[in-house]
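Working notes, beginning with the structure itself.
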Amino acid sequence: MSNVLIVAPDRCIDCKKCELACSLHHAGSLDPDRGRIKVLNRGVEKGMPVVCLHCDEAACLIVCPVGAISRCDETDAVVLDETRCVRCKACLAACPFGNITEDRVDGRVLKCDLCEGAPMCAVFCPSGALVTRSGPRPLRSAP
Amino acid sequence: MSTLVKIKIDEKEYEVPRGRYLLAICQENGIPIPTLCHHESVEPWGGCRLCVVEFRKKRWDSWWTELATACLYPAEDGLCVWTRSEKVMKARRTILDLLLARCPGSEVITKIAAEHGVYQTSFAKREGEDNCILCGLCTRVCDRVGARAIATALRGALKEVSTPFGEPPPDCLGCLSCAHVCPTHTIGHTEADGKRTVWGRTFELVRCSGCGAASVTREQVEYAVRTKNLSPEYFVKCDACKRRESAATFAGLLFDERKGGEGPVGPTGSGPSHE
């Protein structure tokens, strides 16, 4: 059992508070570019939040040459250990969904870690597009 | 046999797993220890010697202490460690004096030396442009990455980090891991017009088929596809374009079922794919 981040794009109002909350929590500054979640626009006040899917067979985890990306036992999230990262950018290129980005300010690799089980984006989402629910991770053993 | 042992660091007791290296314990507990050659992605090496600490084992006489590099010394029961004793600071000052003689131009070394009260070297300064301290971190990380393109060459005063025969390295992936981990930032590299140059070799960067942005070299992609069995499709586009594509795909999947399609997706206005 762990917290699951549920994304409901039909509720997203494109306010980008999740990007701000993420960047504030992880980078300490309110800079949407430094957030690990991105909201793409799909119409007036309609957004499409794009965030790491924590894939079962994560390409980033497989491609990392130094073992800096691993699956967290507690939260089931695919997490990046920044002290191990050598910034080769292989994960950034390998992620098929484009959910790993580079921090323009200090060159760090930005990867969602589900905030150790309590995602800040969901806390600050005003419309319910991002919510956390406790339960087993869906699609865990799906073919 | 319990795996937790009691050790003392700077007269304060800690309970730590047996065999855990002292540097890791100190870093976890916020005890500052200077180090240059340590990186979490590789095994500890003890190359720069800067993390020396003074220690005494339980079975030793109380006056008998020794110096050891914290990064390589495992915790055992009854170990007493001092991280800032006079003996330690003297050893660190000597090391920094020597490092300062080796690379007088390095900002990193100058800063750490000044923090330890060493403002200029008492040895003859080495002549040379690079700030390499021969800690070997770049070669270890290169081995870990799997390229094994660089290594230390020659011995004694002539020792240097080098590519095979000093020529552009054939096995290099151009990933710049070595340049990132180098403690003195002395590994030069340039990047312009979709080309990256490091260790005297020029690499072609893989351009995104959508927007032309580039972040990794062709060698890196080929290496990942060859050794990790990943689809080459993953590397065709940049992260921003892939993000737009996945958003469009999800929008298409979600909103086609419910409302028969939504407005355009993404800043470029490419519509959701109706497949």
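The values are calculated or read from the model by the stated rules, or taken from the named source; none is laboratory data. From a predicted model like this one, the values you see are computed outputs, not experimental measurements. Note that each Cβ is placed from the backbone with ideal geometry, even for glycine, and that neighbours are counted across all protein chains shown. Quick note on the areas: whole protein, heavy atoms, side chains included, nothing else; ligands and nucleic acids left out. Shrake-Rupley method; radii C 1.70, N 1.55, O 1.52, S 1.80 Å.
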So, taking all protein chains as they sit and a 1.4 Å probe, how much accessible area belongs to B:Tyr21, in Å² rounded to tens? 80
Cα gyration tensor of the protein assembly as shown diagonalised, 5x eigenvalues square-rooted, in angstrom largest first, produces semi-axes 45, 28, 18
Where a label projected 7 Å from the Cα of B:Glu76 along Cα→Cβ would reach, residues of region B:1-29 with amide N under 14 Å: B:5-7, B:18-22
Residues of region A:12-52 with backbone nitrogen within less than 19 Å of a virtual label 7 Å along the Cα-to-Cβ line of A:Val131, please, listed as ranges. A:12-18, A:47-51
For region A:2-134, one quarter of the surface area of the C-alpha convex hull, expressed in nm², comes to 7.7
Where the only charges are on Cβ atoms (+1 Lys, Arg; -1 Asp, Glu), what is the dipole of region B:139-225 about its Cα centre, to the nearest 20 debye? 200
Which positions within region A:78-96 get 30 Å² or more of their accessible surface covered by the other protein chains, compared to the chain by itself, with a 1.4 angstrom probe? A:Thr83, A:Arg84, A:Val86, A:Arg87, A:Cys88, A:Leu92, A:Ala93, A:Ala94, A:Pro96
Suppose accessible area is computed on protein heavy atoms with a 1.4 Å probe; arrange B:Ser231, B:Ser106, B:Ser62 from highest to lowest. B:Ser62, B:Ser231, B:Ser106
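Hey, got the average number of other protein chain Cβ atoms within 10 angstrom for residues in A:7-18? Before the final figure, lay out each step's value.
On the way: counts 2, 1, 7, 6, 0, 0, 0, 0, 0, 0, 0, 0.
Other-chain Cβ atoms within 10 Å of each residue's Cβ, averaged: 1.
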Quarter of the surface of the C-alpha convex hull for chain B, i.e. direction-averaged projected area in nm², equals 22.4
About the Cα centre of region A:2-134, how large is the charge dipole given +1 on each Lys and Arg Cβ and -1 on each Asp and Glu Cβ? Please answer in debye to the nearest 20. 340
B:Thr202-B:Asp171 pseudo-label distance in nm [points 7 Å out on the Cα-to-Cβ vector]: 2.6
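Heavy atoms only, probe 1.4 angstrom, no DNA, RNA or ligands counted: give me B:Leu134, B:Leu158 ranked by accessible area, highest first. Write down the numbers at each step before the final one.
On the way: B:Leu134 40, B:Leu158 125 Å².
The ordering from most to least exposed comes out as B:Leu158, B:Leu134.
Given a 1.4 Å probe, how much area per residue of chain A is accessible, in Å²?
Details: 6560 Å² over 143 residues.
Per-residue value: 46 Å².
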Any idea of the accessible area per residue across chain B, 1.4 Å probe, to the nearest Å²? 54
Given Cβ charges of +1 for Lys and Arg and -1 for Asp and Glu, the option among B:Ala179, B:Leu253, B:Ala124 whose Cα lies farthest towards the positive end of the dipole of chain B is B:Ala124
Given the whole protein assembly as supplied and a 1.4 Å probe, what does the accessible area of A:Lys38 come to in Å², nearest 10? 30
With springs only between Cα atoms under 10 Å apart, run a GNM on chain B and tell me which of B:Ala151, B:Ala70, B:Ala124 wobbles the most. B:Ala124
Which entries of A:Lys46/B:Lys195; B:Lys195/B:Lys237; A:Lys46/B:Lys228; A:Lys17/B:Lys242 show an alpha-carbon separation above 27 angstrom in the structure shown? A:Lys46/B:Lys195; A:Lys46/B:Lys228
Degrees between helix B:218-228 axis and first principal axis of chain B (Cα, 0 to 90, nearest 10): 80
Compute the length gained on full extension between B:Met89 and B:Ala151: take 0.36 nm times their separation in residues and subtract their Cα-Cα distance, giving the result in nm to one decimal. 19.2 nm
Connecting C-alpha atoms closer than 10 Å in a GNM of chain B, tell me which of B:Glu107, B:Glu76, B:Glu233 has the biggest fluctuation. B:Glu233
What is the magnitude of the charge dipole of the protein assembly as shown about its Cα centre, with +1 placed on the Cβ of each Lys and Arg, -1 on the Cβ of each Asp and Glu, and no other charges, expressed in debye to the nearest 20? 440
Give the cysteines in chain A for which no other Cys Cβ lies under 4.7 Å away, or write none if there are none. A:Cys12, A:Cys15, A:Cys22, A:Cys55, A:Cys64, A:Cys72, A:Cys85, A:Cys95, A:Cys115, A:Cys125
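Counting every Cα pair in region B:8-139, what percent are over 25 Å apart?
On the way: 2489 of 8646 pairs.
Percentage above 25 Å: 29.
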Could you list the residues of region A:20-46 with an amide nitrogen less than 13 Å from a label point located 7 Å from the Cα of A:Glu116 in the Cα-to-C-beta direction? A:26
So, in nm, how far is label B:Asn29 from label A:Leu30 when the simple model puts each one 7 Å beyond its Cα toward the Cβ? 4.0
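Any idea of the total accessible area buried by the B-A contact, 1.4 Å probe, rounded to 100 Å²?
Details: alone 16450 and 8040 Å², together 21530 Å².
Using a 1.4 Å probe, the pair buries roughly 3000 Å².
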I'd like to know which of A:Leu24, B:Thr217, A:Val86 lies farthest towards the positive end of the charge dipole of the protein assembly as shown, counting +1 on Cβ of Lys and Arg and -1 on Cβ of Asp and Glu. A:Val86
